[in-house]
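Structure first, then comments.
Just so you know, all these numbers are worked out from the coordinates, no wet-lab data involved. Just so we're clear, the structure is a prediction, and the values are computed from it rather than from any experiment. Every residue, glycine as well, gets a Cβ built from its backbone with ideal geometry; the counts of neighbours run over all protein chains shown.
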Amino acid sequence: MTKTQKTKSSNTPIPDTKKHKMTRPWQGTLLAILNIIGLIITAILLPFTILMALAGGALSFIQDLGPIFGLLLGGGGIILTIILIIYFILGIFITKGLFQGKRWAIILLLIFSAFSLFSVIFDFTLFSFILLAFFLYLEISCLMHPFYGNKK
């Protein structure tokens, strides 16, 4: 049981907040877990994109397929590998920030959700719209929570 203090104007006890550690909201935990799942999928896909880049280079020497096919496959594999590596490194920092209560992690997720909004606008599917709305709800809920730096 924690110690309480009494106010001068009333007998209402005020809990002693110095001993209470602020807990992470469930929305932040869910966002971090979903981020971990995305990192696992990225780690699984990364070797395949590297193989795609290597296979494209090898296929460019086969004359029957045409050198342009191999160049496109290899170039696409290299670009996709670079994008996945950047996403993986950034995802590690964002997930760590989510677990530690860093406000910048939530803001970055909001920025990425805004980019996803363009995807939903051009390729509208109900599932992607509902999923994006759920992510936005989680991110805004975390942004308003004191654990992520909101001093309410």
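Data overview
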| item | result |
| --- | --- |
| Chymotrypsin sites (Phe, Trp or Tyr not before Pro) restricted to DSSP loop in region 71-152 with at most 13 other C-beta within 10 Å | Phe124 |
| Descending Cα extents along the principal axes, region 26-148, whole Å | 62, 31, 18 |
| Normalised contact order of region 26-148, rounded percent, pairs of Cα under 8 Å and 6 or more residues apart | 28 |
